[in-house]
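Read the figures in this text as sums done on the coordinates, not as results from a lab. Quick caveat: nothing in here was measured; it's all calculated off a predicted structure. Every residue, glycine as well, gets a Cβ built from its backbone with ideal geometry; the counts of neighbours run over all protein chains shown.
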Amino acid sequence: MNRSLVAIRSMRLAATSAVALVLAGTLAVPVQAQDNTNTRLNKVESEVRALQRKVFPGGDGKFFEPQITPATPTPTPMPGQPASTPITDVLVRLDSVEAQIRQLTSQVEQNTNRINQLEARLAAGAPAEPAPGALGPVQQPAPAAGGQALSPAPASSPAPAPTPAASRPAAPSNSRIDAVRAIVKPQSADPADDEYSYGFRLWEAKFYPEAQQQLKLYLEKYPKHARSSWGRNLLGRAYLDDGNPLEAAKWFVQNYQTDKRGDRAPDSLLYLAVSMKQLKDSKRACIALAEFSETYASEAAGRLKGTYDSTRSGLSCA
């Protein structure tokens, strides 16, 4: 039992130290010349992949990419389409590294919780279950009520307890439902445009959650519609105005990367900077602003000048 306890504690220490090492390495990337940034990013990405293989031995593509992958041809940009810049590549690669770190952190937290339960069982004198992937393969236990890991459940396991009413989201009030119903959905010869216009009307009336749901429905049904660039950008605006800049940033990046010549691609790149500023990520806000002013100079000096100037205010961009 003592050996199992020592092995379990060693695993938890190694996993926690591994995530701390990756976080420290990622946060240490300074703002400097582009060549040096790419070198640091390459180093961090390779360390993340190596760490994933160390923390999750025997893992598959669910946790990390294979070391050897088929070469993919470099896409040829369409005539007249702005080429991807190194700044954009840095932005996308930073997002990718952060996503991998979040995955590692989540896995380590799950493993730490499981190890804590095993240590409690050992301290109480109960036989310990080997940790997955460390002391040998085991059958995944079924969680019981109260969150304790027990032996595999029999075939006729009881139904899970219902979710407490306090943890469920509050239902909309009758007055809000009536107000949303009062927003008239257009009925024209273009059903796709009607779906977008209805989402716009909901957003304009400040019914942001309803607008988010409607615009997602529009994009799922009509991904190639003429207003798809408008729809993705407006969906980002609906999240941003609803106080969720992180989710908004995802839609702004997607809209800009999907079609840089789209009608609302300049807006998405600029509002990406707005989202980063709200998240207090000045570095990425400055990166987005620099690319916006370079790629869409006419918009920066014209239609979007007011938003561009107000976003730059308070930032120390080089």
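A few remarks follow.
- Estimated vicinal HN-Hα couplings, Hz - segment 289-298 in sequence order (Karplus 6.51, -1.76, 1.60; Gly, Pro = x): 5, 5, 5, 4, 5, 7, 7, 10, 4, 5
- Taking a sphere under 11 Å around the Cβ of N255 and counting the other residues whose Cβ falls inside, with K and R at +1 and D and E at -1, yields a net charge of +2.
- Listed cross-link partners K216/K260; K185/K280; K221/K260; K43/K305; K43/K280; K216/K277 are compared with a 28 Å cut-off, the Cα-Cα value being larger for K185/K280; K43/K305.
- Cβ-based charge dipole, segment 175-312, positive-most Cα from Q257, S175, A288: A288
- Sorted on the mean count of surrounding Cβ atoms within 10 Å across their residues, most packed first, peptides 304-311, 206-213, 268-275 read 268-275, 206-213, 304-311.
- From most to least packed by mean Cβ count within 10 Å, the peptides 246-252, 235-241, 109-115, 220-226 give 235-241, 246-252, 109-115, 220-226.
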